[in-house]
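Visitor: Below you'll find the structure I mean.
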Amino acid sequence: MSGGARESYDRAIAAANRGDIDTARREFQSALSSDSNAFRAAYNLGVLADRSGQTDEALNFYRQALRIQPDYERALEGVVRIYIRQGRAGDAVSFAQPVAQRWVRNLAVQAVYADALVAANRAQDAVNAARAALRRDERFVPAMIVLTKANLRLGRTELALSILEQAIGIDNNNAEAHFLRGQMYETEHRLGQAIEEYRRAVTIDGDYADARMRLGILMLGGANYDDAVQQFEAVSRLVPDSTSVHLNLGDAYRSTKQWAKAKAEFDRVISRSPSTVEVHYNIGLMYWAQSADLTGQEQLDMLQRAQQELTQYRSGMGARLPRDDQSSTFIDDLNRQIDRVRRAIERDRARAERDAARAAREASSGGGDSGGGSE
């Protein structure tokens with residue numbers, strides 16, 4: 001990178017570290033304009049675009065970095081991760097394969113390609129690719145990580161754990177290794193140890209969205225709502241186009257009675273992914289919880305909205321409803337509560353009418369006495 005480009009690049013990194021994204025973007029662009037070979041500037045522009053939800057722009061910048069430096073593994077990983085996130089694992093493999101075939105000695109590229117194979121459910125091909133990299137360097141941890149994932153897909157849990165422990169022994173500061181160990185602990189219902197591993201992963205890499213997501217879900221399930229909010233908010237900044245994070249963040253806001261924020265997250269899910277019918281379940285629970293702070297007609301209206309949302313959820317799910325789904329029980333409970341509140345409103349209305357009639361009679365009677373009469 002030329003001198004002027006390097007200065008702009010360093011200013012961009014400093015700005016990004018202090019959260020000044022606009023300045024960072026401007027300085028990265030300045031570095032790239034000063035030196036058209038500044039592939040790291042192009043890559044970082046891709047990262048900023050990705051975190052802003054501008055996926056197409058991110059892909060363009062990652063591809064630009066690869067045109068400048070064809071074996072730049074971080075840019076390749078950026079493209080692959082977006083494709084996987086979009087459910088396009090086959091496209092991820094197709095994109096990574098020619099790069100891996102050309103740059104056989106770049107072990108990081110081989111690991112990215114093998115990871116794409118795992119995502120595409122080609123676990124045995126991933127095993128072969130990872131082993132090929134390990135034949136060149138038997139202590140190459142990224143390939144060991146992929147080999148762990150592939151063996152988990154193949155049901156070889158003990159082998160996967162053995163490889164993972166070797167990887168952690170070589171590099172105890174590999175965030176993905178700790179994340180994987182956390183997943184394995186979670187599968188075994190060792191939730192305390194899983195949380196420790198996820199926290200370790202986040203400590204190593206604060207931008208590790210997957211680790212924050214799992215940590216947030218466990219915090220939410222354990223009623224640690226403030227911690228859950230913190231984790232999901234971080235993920236929403238890292239992966240703003242993820243439907244699941246907005247769904248979970250809305251649920252965390254609901255649990256902390258931040259109704260407006262919860263509704264905003266649920267509305268975002270509906271606007272971005274109308275087919276995500278699960279959001280109506282969450283909205284129903286939100287309205288139900290919100291009704292507890294209301295009385296009278298306002299409470300009745302909120303309960304009826306909760307009932308409508310849960311009914312819409314059941315209708316949208318159809319045959320996909322799990323056998324242990326609680327929505328039917330919730331609707332029954334809501335119906336009973338709606339009836340109680342409606343009867344209470346009617347009693348209050350009748351009481352008010354009686355009180356008003358009594359007051360009118362008393363006023364009329366009092367008015368006759370005050371006028372006096374003849375003897």
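The values are calculated or read from the model by the stated rules, or taken from the named source; none is laboratory data. Quantities reported herein were computed from a predicted structural model and do not represent experimental measurements. Using ideal geometry, Cβ is built from the backbone for each residue, glycine included, and neighbour counts are taken over all protein chains shown.
Visitor: Only one of these is at pLDDT below 95 and either closer than 21 Å to F266 by Cα or touching a Cys at 6+ places or on another chain (Cβ under 7 Å) (or both): L321, L285. Name it.
Guide: L321
Visitor: Go through (1) under 18 Å from G192 (Cβ atoms); (2) at pLDDT below 95 one by one and return the number of the condition S242 breaks.
Guide: Just one mismatch for S242, condition (1).
Visitor: Starting from residues that are assigned to a loop (DSSP other than H, G, I, E, B) and of a type in the set (S, T, N, Q), keep the ones in region 151-194 and report whichever is surrounded by the most Cβ atoms within 10 Å (Cβ to Cβ).
Guide: That would be N174.
Visitor: With the requirement that a residue be of a type outside the set (D, E, K, R), surrounded by fewer than 17 Cβ atoms within 10 Å (Cβ to Cβ) and farther than 12 Å from A119 by Cα, what does region 89-106 give you?
Guide: Result: S94, Q97, P98, Q101, V104.
Visitor: When residues of region 1-60 are filtered for being among the acidic types (D, E) and crowded, with 17+ Cβ neighbours inside 10 Å, how many remain?
Guide: 3
Visitor: Out of everything in region 113-122 that is among the aliphatic types (A, V, I, L, M) and buried (at least 21 other Cβ atoms within 10 Å of the Cβ), what residue ends up being farthest from Q86 (Cα to Cα)?
Guide: A114
Visitor: I'd like to verify a number: residues in region 254-295 that are surrounded by fewer than 16 Cβ atoms within 10 Å (Cβ to Cβ), over 24 Å from G53 (Cα atoms) and of a type in the set (A, V, I, L, M, F, W, C), how many?
Guide: 3
Visitor: Here's another thing I want to ask about it. So which of S275, S315, S364, S328 is closer than 26 Å to G221 by Cβ, small (G, A, S) and part of a helix (DSSP H, G or I)?
Guide: Being closer than 26 Å to G221 by Cβ, small (G, A, S) and part of a helix (DSSP H, G or I) holds for just one of S275, S315, S364, S328, which is S328.
Visitor: Moving to a separate point now. With Q86, Q110 as the choices, which residue is of a type in the set (S, T, N, Q), surrounded by fewer than 21 Cβ atoms within 10 Å (Cβ to Cβ), within 23 Å of Y43 (Cα to Cα) and free of Cβ contacts under 8 Å to residues at least 60 places away in the same chain?
Guide: Only one candidate qualifies: Q86.
Visitor: Still on this model: Out of region 81-138, which residues are assigned to a helix (DSSP H, G or I) and of a type in the set (K, R)?
Guide: Answer for region 81-138, where residues must be assigned to a helix (DSSP H, G or I) and of a type in the set (K, R): R81, R85, R102, R131, R135, R136.
Visitor: Being of a type in the set (A, V, I, L, M, F, W, C) and more than 17 Å from the chain's Cα centre (by Cα) is the filter; apply it to region 196-240 and report the residue that is surrounded by the fewest Cβ atoms within 10 Å (Cβ to Cβ).
Guide: So the residue we want is A223.
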